[in-house]
Amino acid sequence: MRISRDKGKIIIISSPSGGGKTTICHKLLNSNKKWKFSVSYTTREKRQGEVDGREYFFVDRAEFVRRRRQGFFAESARVHTHYYGTPREPLDKVVYRGGVILLDVDVKGAARIKREYSQALSIFILPPSRAELKRRLKRRGTETAAQLKVRLKNAIAEMDRHNRFDYIIINENINEAVAAADHIIKSWTVGVTFFGRNKSKSYSVYE
């Protein structure tokens with residue numbers, strides 16, 4: 001399909017927990033200063049080093065439910081034991097005013113955004129193996145053993161849904177993964193015509 005050049009672009013970047021989507025988003029934003037990031041809302045507690053309004057907007061469950069009932073979120077879901085939601089207004093502003101906005105969402109969230117904004121481009125980040133995924137999750141040290149078990153189970157289920165995305169990148173080397181994502185997004189945002197789906201397990205987006 002040909003993407004209109006006179007509107008903004010929504011870029012969905014998704015992966016299982018530990019897949020690397022957040023790191024890739026940060027690196028893309030660091031090298032593309034005009035791009036925006038969609039900051040989600042969540043009911044989970046802040047982790048060390050996180051800032052309200054930067055990584056997430058942190059709210060309690062009552063506030064989250066109130067906003068959801070008002071139609072504030074383009075998508076929302078319970079993930080693991082907490083609620084997450086993508087605010088609608090920043091996406092609408094980019095679509096109608098122009099620019100590029102990145103979304104760091106899970107697989108279900110990506111599907112919901114696609115239903116709301118069919119013009120969005122979706123990229124799925126895969127770890128090179130399940131063993132490596134487990135190693136990365138353990139290395140983060142942000143979950144208890146029980147929470148880690150839940151995350152790993154959910155992550156494996158999410159990996160099985162990779163074929164629902166427009167593009168797939170295997171994150172074996174972070175710099176190569178970022179370069180591949182950057183190329184895909186910039187090619188798409190200048191109005192390149194894509195026929196079907198281009199999917200690769202070797203980072204090659206030039207085939």
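Bear in mind these aren't lab numbers, they're just calculated from the coordinates by the rules spelled out. Here the structure is a predicted model, which is why all the values come from computation and not from measurement. As a convention, Cβ positions derive from the backbone with ideal geometry for all residues, glycine included, and neighbour counts pool all protein chains shown.
Odds and ends about this structure:
- Estimated FRET transfer efficiency (residue 63, residue 88; beta-carbon r; R0 22 Å; 0.05): 0.85
- Long-range HN-HN contacts of residue 57 with modeled amide H, under 5 Å: 40, 41, 42
- Restricting the calculation to Cα atoms, segment 11-76 yields a radius of gyration followed by a Dmax of 13.4, 37 Å.
- For segment 30-63, the list of trypsin sites (Lys or Arg not before Pro) that fall in a loop by DSSP and count at most 12 other C-beta atoms within 10 angstrom reads 33, 34, 46, 47, 54.
- Computed over Cα pairs, the Kirkwood radius of segment 48-168 leads via Stokes-Einstein (1.306 mPa s, 10 °C) to a diffusion coefficient of 98 µm² per second.
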